[in-house]
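Chemist: What follows is a single structure, and I will ask about it in a moment.
The values are calculated or read from the model by the stated rules, or taken from the named source; none is laboratory data. No experiment lies behind these values; they were computed from the predicted model shown. Virtual Cβ from ideal backbone geometry, glycine too; neighbours counted across all protein chains shown. Each accessible area value is taken on the protein alone, full model and side chains, heavy atoms only, with ligands, DNA and RNA left out. Shrake-Rupley method; radii C 1.70, N 1.55, O 1.52, S 1.80 Å.
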Amino acid sequence: SRDKSENWNIVNDSGIILGYVPEDKVDELTTFIDGKDIHPCKGHVNRGYDHFKKQYYYYGECVVEKS
């Protein structure tokens with residue numbers, strides 16, 4: 001459910017929420033980080049352009065390393 005995904009915020013160093021872990025990856029991530037509540041990741045935000053809608057959109061990628 002969306003509520004499950006929104007429990008996993010992706011937050012920058014300033015505490016601003018940039019997004020959420022995709023719902024279908026929440027269980028995998030929880031297992032990978034051994035059930036911790038907080039875990040660091042590194043990532044970046046990308047910009048794309050939708051030629052059909054003639055507008056920009058943004059998407060991000062985060063890499064979570066095993067501790």
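Chemist: If you work out Rg/Rh (Cα atoms, Kirkwood Rh) from the coordinates, which of (i) 0.95; (ii) 1.01; (iii) 1.03 do you get?
Modeler: The value computed from this structure is option (iii).
Chemist: What nm value, rounded to one decimal, do you get for the distance between Val11 and Asp37 when each label is placed 7 Å out toward the C-beta?
Modeler: Each label point lies 7 Å from its Cα, and together they span 1.0 nm.
Chemist: Of the options Gly43, Asn9, Tyr56, report the single residue whose Cα projects farthest towards the positive end of the charge dipole of the chain (beta-carbon charges: Lys, Arg +1; Asp, Glu -1).
Modeler: So the residue furthest toward the plus end is Tyr56.
Chemist: Also, I was wondering about something else. Ignoring ligands, DNA and RNA, please state the percent of accessible area on the chain from carbon and sulfur, probe 1.4 Å.
Modeler: Here carbon and sulfur together make up 50 percent of the probe-accessible area.
Chemist: What full-extension length gain, to one decimal in nm, is calculated for Leu29 and Gln55 as 0.36 nm per residue of separation minus the Cα-Cα distance?
Modeler: 6.2 nm
Chemist: If you place +1 on the Cβ of every Lys and Arg, -1 on the Cβ of every Asp and Glu, and leave all else neutral, what size is the dipole of the chain about its Cα centre, to the nearest 20 Debye?
Modeler: Its charge dipole is roughly 360 debye.
Chemist: Let me ask you something else. With every protein chain kept in place and ligands, DNA and RNA left out, what is the accessible area per residue of the chain? Probe 1.4 Å, answer in Å².
Modeler: Here the per-residue accessible area is 87 Å².
Chemist: Please list the non-local residues whose amide H lies under 5 Å from the amide H of Trp8, H modeled 1.01 Å from N, same-chain partners needing a gap of 5 or more.
Modeler: Amide H neighbours of Trp8, under 5 Å, 5+ apart: Val21.
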